[in-house]
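Okay, so here's the structure we're looking at.
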Amino acid sequence: MSFIMYLINGISLGSVYAIIALGYTMVYGIAKMLNFAHGDVIMIGSYISFVTFSQMGLGPVPAVVISIVVCTALGMIIERVAYKPLRKAVSPLAVLITAIGVSYLLQNVALLVFGANPVSYVSMIAVPPLKLAGGELTITGITVITIVLCLVIMGVLMVFIKKTKAGQAMLAVSEDKDAAQLMGVNVNGTIALTFAIGSGLAAIAGILLCSAYPTLTPYTGAMPGIKAFTAAVFGGIGSIPGALVGGILLGVIEILGRAYISSQLSDAIVFAVLIIVLLVKPTGILGKPIFEKV
Amino acid sequence: MKKRVISAVLAATMVCSLFAGCGGSGSKGGETADADTFRIGGIGPVTGAAAIYGSAVRNAEQIAVDEINAAGGINGYQVSLKFEDDEHDAEKSVNAYNSLKDWGMQILAGTVTTTPCIAVADKTSADGMFEITPSASSTDVIKNDNVFQVCFTDPNQGSASAKYISDKGLGSKIGIIYDSSDVYSSGIYAKFKEEAASLGLEIVSESAFTADSNTDFSVQLQDAKDAGADLMFLPFYYQQAAIVLKQAKDMGFAPAFFGVDGMDGILTLENFDTSLAEGVMLLTPFAADAADEKTQAFVKKYNEEYGETPNQFAADAYDAIYIIKAAAEAANVTPDMSVEEIGTALKGAMPSVSYDGLTGSGMKWEATGEVNKEPKGVVIENGVYVSID
């Protein structure tokens, strides 16, 4: 019975990683850059929902909407101000370093605005826990919501990319930026849209993350950000189903490793598995091999 | 050109943000260069993840120094205080120590957190400077004879907790979760386990977490629940304890919870549902709602100056400054003496000092630097601390 409980907890944790990993993987797929500030956008999203829901007393729906809107705007501003001017930079390292800089900037701004004291995040999701097997198995409401929401987001995103013009444009830009531009695709607009979607999802991920693990500090986003980045690489960076598979596998391995191998070594186990996967399949589980065209 | 301007603005913003955190770390005290003032330095994390502890210490030290100056100073000399940030980083802490020495520091009231304190303690020992740490609780901190502690040592807390649980019959099957990446937590855990074995307490589940995986405790709690634990010993800080309490409730696991001084602060955690902490027991030297006059006056003053309720770190720091005063008066030191002379005089005087403070009455010190005071057990009832005894 414990095993099933661990598995469900793992899938729930993995679902949060998957939603965060989407932000990394979409941006990487389309702009070919690692947005290390993504984890901190999550933290900002959590704070915004905390302020609107717990401090200003707005309902859950406006709180979520405001949080998504703010994060979307923030993502677009970061892209416009910090990344776009560097897109043509000689070294691809420039934009990577800038991303790390933005990450620290967001953390320190949050430290100034919200203070270093942690706050207790009150979950706005009031779903009663699911009791199975005669009360032996208690699945919290937030766990159910997280898993369901993760699947819904994945589904909507896949349909969006396959069926809409903007989605097709994203696909085109990720295949070949210059050719897409020649075909009349607005590359800059598409990249901005990608950042907008990724950051909007970051707000949702932040709310889910803090609802399940309710202590919020300016550093809340850092570690989940790194784990989700790992999940994205694990599943094959650039691939949307890969983010789902990588995220959930990572969550399950982390929890099961902690339960059955060692509670201290869970992170070491996660990263050891990552190394093995990358050795066997360098592009990640669902990643496509890239052929250099000459 | 436009791009250049934007990137310049951006770079400037980032640089500003780096310095913004340091803005508050300077001291309010006078920085006059005369030999008629005692120069006390403080070091602790005022920014970064442990900022809550460092800023509490900085604020409380300032309050104590202001009070002492208003009442005529130490041995008739005024005191000036300068506090430097170390971001809970050993290397930065040593840098902070060096810059305080350049300023002319004679006595160090710090550092706040254990790992940096171990590094700085080696420096003060080499310089013969007197050091008293409000809150760095590892025994490694006091391995040099010039360093004294206001707080309990980690092993002390571990054995006191085990004794307390056994004496009061609080639980028979004990589950433990501890932070294996933190010397404070694992130090308490090791001693608790040893003491529990000799007292015949049964430990049915023990599991760890690390600083990188400190948000999910479902596995550790499930393990304890399966093992039938009726008391959970939680020797770590309240940020994590808050999550443990919530997750335990969510999974329908309701043992007794027992924490140590790191648990203090859980009630002041903003927006925390205090009903989760109902019945939680902890050993703490300081309770902000204690009825004695000294505590009330301090809490009131702290609230007026900084707009929040002080935690035990603030209380330890406030005591630290007054302990320096008591030792300095016993040894009759003056500011014109050298750092080493003051250090020797103060450490010689410490074992004879007996001090009644916020964090204990009749506090006395071993020559090794360890403090003797009684731990106080409190239980949280209706959102406030109530004494168990």
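The values are calculated or read from the model by the stated rules, or taken from the named source; none is laboratory data. If you're wondering where the values come from, they're calculated on a predicted model, not measured in any experiment. Don't worry about glycine lacking a Cβ; one is built from the backbone with ideal geometry, like all the others, and counts go over all protein chains shown.
Structure notes:
- Tally of residues being in contact (Cβ under 8 Å) with a residue 12 or more places away in the chain, in a helix (DSSP H, G or I) and either over 19 Å from B:Gly383 (Cα atoms) or charged (D, E, K, R) (or both) across the stretch B:265-302: 4
- Selection count, the stretch A:30-61, where residues are surrounded by 22 or more Cβ atoms within 10 Å (Cβ to Cβ), touching a Phe, Trp or Tyr at 6+ places or on another chain (Cβ under 7 Å) and not in a helix (DSSP H, G or I): 1
- Any chance B:Asp140 is closer than 20 Å to B:Phe258 by Cβ and either surrounded by 20 or more Cβ atoms within 10 Å (Cβ to Cβ) or not hydrophobic (A, V, I, L, M, F, W, C) (or both): no
- Number of positions in the stretch B:33-75 that are modelled with pLDDT under 90, surrounded by 24 or more Cβ atoms within 10 Å (Cβ to Cβ) and more than 14 Å from every other protein chain (Cβ to nearest Cβ): 0
- Screening B:Met363 on (1) outside the structural domain of B:Phe38 (by TED's automatic domain parsing); (2) in contact with an Asp or Glu (Cβ under 8 Å, 6 or more places away or on another chain) shows it passes everything except condition (1).
- Residue count, the stretch A:130-157 (criterion: surrounded by fewer than 15 Cβ atoms within 10 Å (Cβ to Cβ) and either in contact with a Gly (Cβ under 7 Å, 6 or more places away or on another chain) or at pLDDT 85 or above (or both)): 5
- For the stretch B:155-198, the candidate set comprises residues that are part of a strand (DSSP E or B) and within 14 Å of chain A (Cβ to nearest Cβ); within that set, the residue that is farthest from the chain's Cα centre (by Cα) is B:Gly175.
- Every residue from the stretch B:310-353 that is of a type in the set (Asp, Glu), surrounded by 24 or more Cβ atoms within 10 Å (Cβ to Cβ) and out of contact with any strand residue (DSSP E or B) (no Cβ under 7 Å at 6 or more places or on another chain): B:Asp316
- Applying the criterion of being free of Cβ contacts under 8 Å to residues at least 40 places away in the same chain and not in a helix (DSSP H, G or I) to the residues of the stretch A:227-266, the residue that is farthest from the other protein chains (Cβ to nearest Cβ) is A:Ile261.
- Among (1) over 23 Å from A:Met1 (Cβ atoms); (2) outside any helix (DSSP H, G or I); (3) more than 8 Å from chain A (Cβ to nearest Cβ) - the single one B:Phe253 does not satisfy: (1)
- Flag for A:Ile207 being assigned to a helix (DSSP H, G or I), within 13 Å of chain B (Cβ to nearest Cβ) and either buried (at least 24 other Cβ atoms within 10 Å of the Cβ) or within 12 Å of the chain's Cα centre (by Cα) (or both): no
- If you go through the stretch A:118-134 and keep only what is among the polar types (S, T, N, Q) and facing chain B (nearest Cβ under 7 Å), you end up with just A:Ser120.
- All conditions in (1) acidic (Asp, Glu); (2) part of a loop (DSSP other than H, G, I, E, B); (3) farther than 30 Å from B:Asn144 by Cα hold for B:Glu305, with the sole exception of (2).
- Looking across the stretch B:361-389, the residues that are aliphatic (A, V, I, L, M), more than 12 Å from B:Gly279 (Cα to Cα) and assigned to a strand (DSSP E or B) come down to B:Met363, B:Val371.
- Filtered residue count, the stretch A:137-181, keeping only those that are within 30 Å of B:Met251 (Cα to Cα) and hydrophobic (A, V, I, L, M, F, W, C): 13
- Residues of the stretch A:210-226 satisfying the condition of being buried (at least 24 other Cβ atoms within 10 Å of the Cβ), part of a helix (DSSP H, G or I) and either more than 9 Å from every other protein chain (Cβ to nearest Cβ) or in contact with a strand residue (DSSP E or B) (Cβ under 9 Å, 6 or more places away or on another chain) (or both): A:Cys210, A:Gly225
- Screening the stretch A:105-117 for residues that are surrounded by fewer than 17 Cβ atoms within 10 Å (Cβ to Cβ) and more than 7 Å from chain B (Cβ to nearest Cβ) and picking the one that is farthest from A:Cys71 (Cα to Cα) gives A:Gly115.
Here's the yes/no breakdown for (1) modelled with pLDDT of 90 or more; (2) within 26 Å of A:Ser174 (Cα to Cα); (3) of a type in the set (Val, Ile, Thr):
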residue	(1), (2), (3)
A:Ser15	yes, yes, no
A:His38	yes, yes, no
A:Val64	yes, no, yes
A:Ile77	yes, yes, yes
A:Lys88	no, yes, no
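- Tally of residues being facing chain B (nearest Cβ under 10 Å), touching a residue at least 12 places away in the same chain (Cβ under 8 Å) and more than 17 Å from A:Gly200 (Cβ to Cβ) across the stretch A:77-91: 3
- Residue match in the stretch B:232-241 (condition: on the phi < 0 side of the Ramachandran plot, surrounded by fewer than 22 Cβ atoms within 10 Å (Cβ to Cβ) and over 22 Å from the mean Cα position of the chain (by Cα)): no
- The stretch B:199-215, subset in a strand (DSSP E or B) and within 7 Å of chain A (Cβ to nearest Cβ), residue nearest to B:Ile176 (Cα to Cα): B:Ser207
- Subset of the stretch B:183-220 [of a type in the set (Asp, Glu) and surrounded by fewer than 22 Cβ atoms within 10 Å (Cβ to Cβ)]: B:Glu194, B:Glu195, B:Glu202, B:Glu206, B:Asp212
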